[in-house]
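Bear in mind these aren't lab numbers, they're just calculated from the coordinates by the rules spelled out. Owing to the predicted nature of the structure, the values given are computational and were not obtained by experimental measurement. In this analysis, Cβ positions are derived from the backbone assuming ideal geometry, glycine residues included, and neighbour counts consider all displayed protein chains.
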Amino acid sequence: MKFGVVVFPGSNCDNDTLYAVRDVFEQEAEFLWHKDHDLRSADCIILPGGFSYGDYLRSGAIARFSPLMQEVREFALKGGLVLGICNGFQVLLELGLLPGAMLRNKDLKFLCRHVHLRVDNAETPFTRAGEEGQVLRIPIAHFDGNYFIDEAGQAEIERNRQAVLRYCDEQGRLTDEANVNGSLGHIAGLINTQGNVLGMMPHPERASEHLLDSEDGRIIFRSIIEHFKETG
C-alpha cells in the first residue's frame, strides 16, 4: 500500500513517520506538501506530529486551512484511511473530522515521556493487530493533549466505542496518575463513527524499533497494512 505523510511548516515528526512506514514496514510512502492539492494516490494519509504553523492561535487551528486539507477532508469523508498523530490529532479536531477539542495539559507543562495505553477497541483498521485490554508503551510529546468534549459528546463516544486507546498504568488500570494530561475519559486515541479516521496523541512512529526502547507502536501501522490487504 501507499502512505502519504503531510508536511506543514513546523512539522517535526514527518521524517520519523515516513521512515517508519517506508523503512521499517517496507511500504511505499512519500511526503505531501500542505500547499498542494494532490494526495498522489495514497491509500492512507498521515498527519504527523510537530508544531504546524508554530501552533499560533491554537494547535492545529491554522493548519486546517492549508490547501491540501480540502483533499484530506474529502478523502476521509469517502472512507479513506487517515491517521493523525499528536499535532495531527489536533488538526483533525479543528477540521471537524473528529469530535471534541484539546486543552492545555492538566499541570500546564509540556510532557515528553513514555506512557502506557490500553487498547479498548481492537476492531478498527488501526488497532486490529492488537488485543482488547492489551497495554502498550508509547511516548508522548505535547502541551495541548488534554482531550475534552461535552457530556452528550462523551456519552456518544462511549456508546460508539470511539475511544480506542486510553491512558493507563502498567496493569491497564485507569488511574488519575496514569492520565498524565487530564484527558476526559483517559482518551489517548479517538476514532470517528465511520471507523476510518484515527487521532492519537502518543507517537507510534517513535516506538517502531527496538532501538527506540519500544516496538509497541508497530501495532498501529501493522493494523493499517493488514486492513488494506484485506479491503484494498
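Remark: 31, 110 ranked as 110, 31, counting other beta-carbon atoms within 10 Å and listing the fewest first. Shape class for the chain: rounded, because the ratio a/c of the largest to smallest gyration tensor axis (alpha-carbon atoms, square roots of eigenvalues) is under 1.5. About the centre of its Cα atoms, the chain shows a dipole size close to 340 debye [charges on the beta carbon of Lys, Arg (+1) and Asp, Glu (-1) only; nearest 20 debye]. Each Lys and Arg Cβ is given +1 and each Asp and Glu Cβ -1; about its Cα centre, segment 103-214 then shows a dipole of about 160 debye.
Taking amide H positions as placed 1.01 Å from N in the peptide plane, with prolines and chain starts having none, which residues 5 or more places from residue 81, or on another chain, fall under 5 Å of its amide H? Answer set, sorted by chain and number: 45.
Starting from the Cα gyration tensor of segment 110-155, take the square roots of the eigenvalues, sort them a ≥ b ≥ c, and report rounded, prolate or oblate (rounded when a/c is under 1.5, otherwise prolate if a/b is larger than b/c, else oblate). Oblate, since a/c reaches 1.5 and b/c is not below a/b.
Of the DSSP beta bridges with both residues in the chain, give the percent that are antiparallel, rounding to the nearest 5.
Percentage antiparallel, nearest 5: 60.
Overall shape: oblate for segment 94-232, with the ratio a/c of the largest to smallest alpha carbon gyration tensor axis at 1.5 or above and b/c at least equal to a/b.
Among 53, 19, a tally of other beta-carbon atoms within 10 Å of each Cβ gives an order, fewest to most, of 19, 53. With the highest mean first, a sort of the peptides 40-47, 194-201 on other beta-carbon atoms found within 10 angstrom per residue produces 194-201, 40-47. With θ taken as phi - 60° and the Karplus curve 6.51 cos²θ - 1.76 cosθ + 1.60 applied, the whole-hertz 3J(HN,Hα) list for segment 173-190 is 7, 8, 9, 4, 5, 6, 7, 4, 9, x, 4, 4, x, 6, 6, 10, x, 10 Hz, x standing for glycine and proline. Stretching the chain fully between residue 78 and residue 170 yields a gain of 29.4 nm (0.36 nm per residue, less the alpha carbon separation). Looking only at 108, 18, 184, which one moves most when the chain is put into a Gaussian network model with springs between Cα atoms under 10 Å? Top of the fluctuation ranking is 108.
Projecting the Cα positions of 63, 77, 214 onto the charge dipole of segment 2-231 (unit charges on Cβ atoms of Lys, Arg, Asp and Glu, taken about the Cα centre) puts 63 furthest along the positive direction. The fewest-to-most ranking of 75, 65, 148, 126 by surrounding Cβ atoms within 10 Å reads 65, 148, 75, 126.
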